[in-house]
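A short worksheet on the structure shown next.
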Amino acid sequence: MDCDIATDQQKAFMPHRNAPLTETGRLRLARCVVEDGWPLRRAAERFQVSPTTAQRWAGRYRELGEAGMTDRSSRPHHSPRRTPTRTERRIIKVRVLRRWGPARIAYLLGLNPATVHRVLTRYGLARLTHLDRATGRVIRRYEHAAPGDLVHVDTRRWVKNDRLNHTGYLWAFSAITASPGAKAHYRRRRDDHGDWHAAAQRNLFNRM
């Protein structure tokens, strides 16, 4: 039986940097104890784990064989103090309708803010800073695979004042008749982009 410690190449593929054993290493340890009759302390020292760990993997091997060497979920079978489902629904309802933070929701429902925060995190609700306050939707952000990629952003100034808007149309009409550049831009918006007359004038004025 090969009871040697895992090689450097095998250590590189461990689940995480603090894991002393892979599934192959656990199987070797268990076989050394169960099939070869190694004492627990000797096997634990050989594989650089505690005797308790060696006993646990040996016990699983006796009970389940190779299938017992895989990782098990650390989630408890029962959570008697977990927040009731009805309360979780009330938290989510207040968050969606009023878009409040954990502190305000906790004050309204008489809960601990940490409890409200855990519920919101468990259901994957986005932070308020990631939402548009007007619509409640998640703000779309530019994401690129590599840092340093160029992002092209088109900006446009919109006129909200009615009097200034009317003045802008008059200016655009005058510019079309007097300026060859403005007229070329107007024709380009009409022909290439398919804008109507008013839309082409508004685009010309917004490029002031």
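The values are calculated or read from the model by the stated rules, or taken from the named source; none is laboratory data. Note that the structure is a prediction, hence the values are computed from the model and not measured. Note: ideal-geometry Cβ built from the backbone for every residue, glycine included; neighbour counts use all protein chains shown. With ligands, DNA and RNA removed, areas are computed over all heavy atoms of the protein, side chains included. Shrake-Rupley method; radii C 1.70, N 1.55, O 1.52, S 1.80 Å.
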- Query: Quick one: is residue 65 more than 30 Å from residue 110 (Cα to Cα), open to solvent by less than 80 Å² (accessible area, probe 1.4 Å), part of a helix (DSSP H, G or I) and modelled with pLDDT of 80 or more?
  - Reply: yes
- Query: How many of the residues in region 103-116 are open to solvent by 40 Å² or more (accessible area, probe 1.4 Å) and part of a helix (DSSP H, G or I)?
  - Reply: 6
- Message: From the list 98, 72, 81, 86, exactly one residue is basic (Lys, Arg), surrounded by 11 or more Cβ atoms within 10 Å (Cβ to Cβ) and over 22 Å from the mean Cα position of the chain (by Cα). Which is it?
- Response: 98
- Task: Search region 25-62 for residues being in a helix (DSSP H, G or I) and touching a residue at least 40 places away in the same chain (Cβ under 8 Å), and hand back the single one that is most open to solvent (accessible area, probe 1.4 Å).
- Result: 46
- Look at residue 119 and say whether it is open to solvent by less than 30 Å² (accessible area, probe 1.4 Å) and within 23 Å of residue 136 (Cα to Cα). yes
- State whether the residues of region 134-146 include one that is among the small types (Gly, Ala, Ser) and in contact with a Lys or Arg (Cβ under 7 Å, 6 or more places away or on another chain). yes
- Task: State the number of residues belonging to region 124-137 that are surrounded by fewer than 12 Cβ atoms within 10 Å (Cβ to Cβ) and not in a helix (DSSP H, G or I).
- Result: 7
